[in-house]
Amino acid sequence: MNDLLVVLGPTASGKSDVAMAFAARHARSEIVVVDAMQVYRRMDIGTAKPSAADRAAVPHHALDLAEPSDEYALATYVRAAGTALADIDERGARAVLVAGTGLYLRAVTDPMDMPGRWPEQRAVLEARVLAEGSEVLHRELTSLDPVAAGRMEPGNARRVVRAMEVTLGSGRPFSSYGPGLDQYPAVPFRLVGLRWPRPTLAERIAARVHRMIAANLVGEVESLLAEPAGLSRTARQALGYKEIIAHLEGECSLDEAVDTVILRTRQFAVRQERWFRRDPRIRWVDIEHDPVAEVLPVLESAS
RNA sequence: GGUCGAGUAGCUCAGUCGGCAGAGCAUACGCCUGAAAAGCGUAGGGUCACCGGAUCGACGCCGGUCUCGACCA
């Protein structure tokens, strides 16, 4: 079996277009989206979900997996993506992954030994964080699992709580699950990354956000808010949604909300770059003008 | 033209009695194993509008100049 292709890059880099162009030239290609927000149904405009036309032309997977009222998480995604990849393989088709969420991609490409959940432990720990601060828990983690404690900042309450939850709940150090994110073993994936000069990407992001507004993102958010079940904690933190919600709740003008969306999306894109660029297995393509024209030859030679 | 107020980091602004120039945001860099479009950390960055004066010492006090704003003519 050939290595699977992964097209990755920051938001608005054009990776979906590249994957579509590749699929158009290779029959029996199917796209698997690696994105933490496109999993929500009816959150289409703001997540830049592939269009109905694209989805009719090429099968897409790992989209619309959850209700906006659902809390979604990494482990659920990994199972869904794994199933999709297995099905595609069984069909004799070829999967092309389009990835923007670095952690989700790692969990697909590098089989991770993902610990479970211990909600009762977590409830206690979260209460303690509020009462005592995360530094106190981090000190305890240092004695229980020094390796895990060394990997995270003492102030990072979410990571500290999770590591303690797993260590106490499973009786095994958190760091004993899998090789760790700093290990980059050979995997049967060809990773190709799109890289833009930051000012150019910033312009593309601003243009895209304005296009989303023109496509009635505000209306999409209003309908989501009108749903009885509402938006879950994880869904409502999507870029473009939380800011429009703030505007609809009267906290700021629409123009201010749009400016904030653009700024935060730019910051998000930088965070994506920083995540991906540590991975030495990625082959980077510096885009000058046209992502499709410039990346397609690289994919062809890699496939 | 006159009066008053303002001018300090890329932006918005603190700065006590004259004693090493500050914050938030932005930016850069790093971290992350069931919230990851989330979360956390580190760093760089200054002609304190300008010119002069008094003082051991000025962002601060005194004199003048410039720019912006409000009000009065």
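Which residue out of A:Met152, A:Met212 is more than 20 Å from A:Ser16 (Cβ to Cβ) and of a type outside the set (Lys, Arg)? Selected residue: A:Met152, the only one of A:Met152, A:Met212 that is more than 20 Å from A:Ser16 (Cβ to Cβ) and of a type outside the set (Lys, Arg).
The rows are residues; the columns are (1) within 20 Å of A:Gly193 (Cβ to Cβ); (2) within 11 Å of RNA strand B (Cβ to nearest atom).
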site: A:Val78; (1), (2): no, yes
site: A:Ala84; (1), (2): no, no
site: A:Ala93; (1), (2): no, no
site: A:Ala99; (1), (2): yes, yes
site: A:Gly102; (1), (2): yes, yes
site: A:Pro119; (1), (2): no, yes
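A residue that is more than 16 Å from RNA strand B (Cβ to nearest atom), part of a helix (DSSP H, G or I) and surrounded by 18 or more Cβ atoms within 10 Å (Cβ to Cβ) can be found somewhere in segment A:286-294.
In the set (1) among the aliphatic types (A, V, I, L, M); (2) modelled with pLDDT of 95 or more; (3) in contact with a Phe, Trp or Tyr (Cβ under 8 Å, 6 or more places away or on another chain), the condition left unmet by A:Met112 is number (2). Does segment A:18-26 include one or more residues that are at negative phi, near RNA strand B (Cβ under 10 Å from one of its atoms) and of a type in the set (A, V, I, L, M)? No: segment A:18-26 contains no residue that is at negative phi, near RNA strand B (Cβ under 10 Å from one of its atoms) and of a type in the set (A, V, I, L, M).
Going through (1) closer than 22 Å to A:Ala73 by Cβ; (2) part of a helix (DSSP H, G or I) one by one, A:Ala149 falls short only on (1). Residues in segment A:203-242 that are more than 19 Å from A:Arg264 (Cα to Cα) and among the hydroxyl-bearing types (Ser, Thr, Tyr) were compared, and the one that is nearest to RNA strand B (Cβ to nearest atom) is A:Ser232. Condition check: surrounded by 16 or more Cβ atoms within 10 Å (Cβ to Cβ), in a helix (DSSP H, G or I) and in contact with a helix residue (DSSP H, G or I) (Cβ under 7 Å, 6 or more places away or on another chain). Does A:Val96 satisfy that? So A:Val96 does not fit the description; no. Here A:Ile31 does not qualify as outside any loop (DSSP other than H, G, I, E, B), over 30 Å from A:Arg198 (Cβ atoms), in contact with a Pro (Cβ under 9 Å, 6 or more places away or on another chain) and of a type outside the set (D, E, K, R). Restricting attention to segment A:157-177, the residues being surrounded by 14 or more Cβ atoms within 10 Å (Cβ to Cβ) and within 10 Å of RNA strand B (Cβ to nearest atom) number 12. In segment A:34-58, the residues that are crowded, with 16+ Cβ neighbours inside 10 Å reach residues that are among the hydrophobic types (A, V, I, L, M, F, W, C) and assigned to a strand (DSSP E or B) with C-beta atoms within less than 6 angstrom, at least six apart or across chains, in these pairs: A:Val34/A:Leu97; A:Val34/A:Ala99; A:Val39/A:Ala66; A:Tyr40/A:Ala66; A:Val58/A:Ile31. Here A:Val270 meets the list (1) under 30 Å from A:Leu137 (Cβ atoms); (2) out of contact with any Leu (no Cβ under 8 Å at 6 or more places or on another chain); (3) in a loop (DSSP other than H, G, I, E, B) almost entirely, failing just condition (3). For segment A:131-149, filtering for residues that are small (Gly, Ala, Ser) and either surrounded by 18 or more Cβ atoms within 10 Å (Cβ to Cβ) or within 14 Å of A:Ser176 (Cβ to Cβ) (or both) leaves 3.
If you check A:Arg122, A:Arg117 for being in a loop (DSSP other than H, G, I, E, B) and modelled with pLDDT of 95 or more, only one passes: A:Arg117. Among the criteria (1) of a type in the set (Ser, Thr, Tyr); (2) within 15 Å of RNA strand B (Cβ to nearest atom); (3) out of contact with any helix residue (DSSP H, G or I) (no Cβ under 9 Å at 6 or more places or on another chain), the one A:Thr265 does not fulfil is (3).
The values are calculated or read from the model by the stated rules, or taken from the named source; none is laboratory data. Quantities reported herein were computed from a predicted structural model and do not represent experimental measurements. Cβ atoms come from the backbone with ideal geometry, glycine included; neighbour counts cover every protein chain shown.
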